[in-house]
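The values are calculated or read from the model by the stated rules, or taken from the named source; none is laboratory data. Fair warning: this is a prediction, and the values are worked out from it, not measured in the lab. Using ideal geometry, Cβ is built from the backbone for each residue, glycine included, and neighbour counts are taken over all protein chains shown.
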C-alpha cells in the first residue's frame, strides 16, 4: 500500500488516493460514508439541494462514518436555484472542510473556506485554467478528461490532459478524472504525475449508489463504444456538454439528423418520480429509485469507462479492490518482451 501514499493522501488524510466523484443525485450518505470508511474520499453532490437538506444529508453522512467526506458545488448559475454562497455557508455550518467546485470559478469562496481551515478543489479542463485556479488560491485540482460521464467541462482526453496540468502546476496536487474504472487506470494516472484518481461511472455500479436498477444494469452491460457526447439533454442546464449511454431518445435524435430544435418527442412526459413529479424526455434528470415510466429513455449519464465496469459491488469492497489492483499494477510495471 506504500506506493499509494501521495500528496493527496497526505493533504486530506486518506489511506488511498481514490475519490468517489460527486455523481449528482446518485450520491447519498450511505455511498459517501462507505467510501470514507474504506479510506478514500467520499463526496456528496449538494448543488440541487436546499440549505436545510444540505445540512441534513451532511449530518447523516457524518453519523455513519469517521472517514473523510467532502462536497461538490456547481458554480454555473444555470444549473441551480440556490446561490453558491448559501451552499458554502450551509456546508461550513455542517462541519464540511473539503469543497469541490466545478463548472465555474472557486475564487469568490476561497478566503471564506480557508478562514475555516478548509481545502478547496476545482475542476479544470486545461493547463491554462489550472494555472489560473492555483494563482487565486485553489489547493487541489481535478483534471477532468473528455472521456468522463455526466456533464463534461473539457475537450481534452485524460491521457494528455493530466501531464499537461501536472507540469503547469508542479507544486499542486492533481486528481485525474475521466475514463478511470479500475486499478490499472489509477496506476496509470499516478504514473503520469497525478496524486489521485476521481471515479464516477464505476461508483454508479455499487450497492449504495442511489440510482434506478435499470440504470445501474445499463452501466454494467455497456461497452466503451456505447456513450454519446452532446448537449442533447439540456432542459434545466442549457448548452452544457455531457456524456450519456445510448438509448432510444438518443437514437431517434441521431436518426432525425441531430436537430437543435424540433427534436423527436420534445416535451413528452416519459417518466415520473416517486412523488409524482413529471420527467420530460430531454430533461436533465437522473434515474433514481422509485422513478416510474420509460426509465431507459431519460439521460443515463456514464463515461467511456462503463466498458470497464462489469459488476455491482459494495462501495467499500470496490475501494479495496481498486487499491489492490493499483498497487499490483505499480509493482508489476510495464510489460516487456
> Can you spot a residue in the stretch 305-313 that is within 21 Å of the chain's Cα centre (by Cα), over 29 Å from residue 29 (Cβ atoms) and at pLDDT 95 or above?
Replying inline: yes
Handout entry: Residue check, residue 173 in the same structural domain as residue 45 (by TED's automatic domain parsing), loosely packed, with under 15 Cβ neighbours inside 10 Å and over 17 Å from the mean Cα position of the chain (by Cα)
Key = no
Within the stretch 223-232, of all residues that are touching a helix residue (DSSP H, G or I) at 6+ places or on another chain (Cβ under 8 Å) and either assigned by TED's automatic domain parsing to the domain that holds residue 144 or assigned to a loop (DSSP other than H, G, I, E, B) (or both), the one farthest from residue 103 (Cα to Cα) is 223
(1) within 30 Å of residue 183 (Cβ to Cβ); (2) surrounded by 15 or more Cβ atoms within 10 Å (Cβ to Cβ) all hold for residue 284 apart from (1)
Taking residue 47, is it buried (at least 19 other Cβ atoms within 10 Å of the Cβ) and in a loop (DSSP other than H, G, I, E, B)? yes
So, residue 7, is that one under 18 Å from the mean Cα position of the chain (by Cα) and touching a residue at least 24 places away in the same chain (Cβ under 8 Å) or not?
no
Worksheet item: Among the residues of the stretch 96-108, is any surrounded by 24 or more Cβ atoms within 10 Å (Cβ to Cβ) and in a helix (DSSP H, G or I)?
Response: no
Taking the stretch 1-37 and keeping only residues that are buried (at least 24 other Cβ atoms within 10 Å of the Cβ) and assigned to a loop (DSSP other than H, G, I, E, B), one is left with 16, 17, 21, 22, 23, 27
Here the residues within the stretch 235-256 that are within 20 Å of residue 80 (Cα to Cα) and not in a loop (DSSP other than H, G, I, E, B) are 235, 242, 243
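Return yes or no: is residue 243 in contact with a strand residue (DSSP E or B) (Cβ under 6 Å, 6 or more places away or on another chain), crowded, with 20+ Cβ neighbours inside 10 Å, over 30 Å from residue 128 (Cα atoms) and in contact (Cβ under 8 Å) with a residue 60 or more places away in the chain?
no
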Would you confirm whether or not the stretch 67-83 contains a residue that is in a helix (DSSP H, G or I) and touching a helix residue (DSSP H, G or I) at 6+ places or on another chain (Cβ under 7 Å)? no
- Item | Filter result for residue 307 (out of contact with any helix residue (DSSP H, G or I) (no Cβ under 9 Å at 6 or more places or on another chain), surrounded by fewer than 21 Cβ atoms within 10 Å (Cβ to Cβ) and without any contact (Cβ under 8 Å) to a residue 40 or more places away in the chain) | no
Within the stretch 257-279, is even one residue more than 20 Å from residue 155 (Cα to Cα), in contact with a helix residue (DSSP H, G or I) (Cβ under 8 Å, 6 or more places away or on another chain) and not in a loop (DSSP other than H, G, I, E, B)?
yes
Exactly one of 296, 311 is under 29 Å from residue 230 (Cβ atoms) and assigned to a helix (DSSP H, G or I), and that one is 296
